[in-house]
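See structure below.
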């Protein structure tokens, strides 16, 4: 098994170096990440493609989140990294746009944490492509309307990853989508 690394950054997203992924999550080191949102337009609404993280993920297993999320490699363009992971995790190949980034930090009960500068990437779904999950990354997927998602987040926020609502807010703001 290959050792995975994350790109350590400062709050201005300047590269400071790399660190082994689990160690960076144990020590709460600020690192670069991305969250991909794939959406499709329906007659009267917008639907988002969500994935349920695999139960055995190092944190947030079994929770619902955006279409995919991960970490770019050192020197890898953030949009190209998002397209790579989207293809690997969901078998989807769509152009992505970088909407911006935000920083967040949270600790988990298992001793790990997230301290990420998270770039939010968005792309529109091409209905001719089937969604095929990587079973090591996700255990389910679903399309959900913005209206249903907003209601579910208000009633069952703990079913979602901690970064999801923060990233979704940036998507809604940048795409001018209202619930």
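The values are calculated or read from the model by the stated rules, or taken from the named source; none is laboratory data. Please read all numbers here as calculations on a predicted model, not as lab measurements. Cβ placement follows ideal geometry from the backbone for every residue including glycine, while neighbour counts extend to all protein chains displayed.
Exactly one condition in (1) touching a helix residue (DSSP H, G or I) at 6+ places or on another chain (Cβ under 7 Å); (2) closer than 14 Å to residue 47 by Cα is false for residue 133; which is it? Unmet for residue 133, out of (1) touching a helix residue (DSSP H, G or I) at 6+ places or on another chain (Cβ under 7 Å); (2) closer than 14 Å to residue 47 by Cα: (2). Selection within region 128-150: residues that are assigned to a helix (DSSP H, G or I) and modelled with pLDDT of 95 or more. The member of this set that is nearest to residue 56 (Cα to Cα) is 149.
Among the residues making up region 84-96, those that are in contact (Cβ under 8 Å) with a residue 24 or more places away in the chain and surrounded by 15 or more Cβ atoms within 10 Å (Cβ to Cβ) are 85, 86, 89, 90, 92, 94, 96.
Taking region 157-179 only, how many residues are over 13 Å from residue 66 (Cα atoms), touching a strand residue (DSSP E or B) at 6+ places or on another chain (Cβ under 9 Å) and either in a loop (DSSP other than H, G, I, E, B) or touching a residue at least 24 places away in the same chain (Cβ under 8 Å) (or both)? Selection size over region 157-179: 3.
Could you please find all residues in region 84-112 being part of a strand (DSSP E or B) and within 18 Å of residue 165 (Cβ to Cβ)? Listed by number, the residues that qualify are 99, 100, 101, 102, 103, 104, 105, 106, 107.
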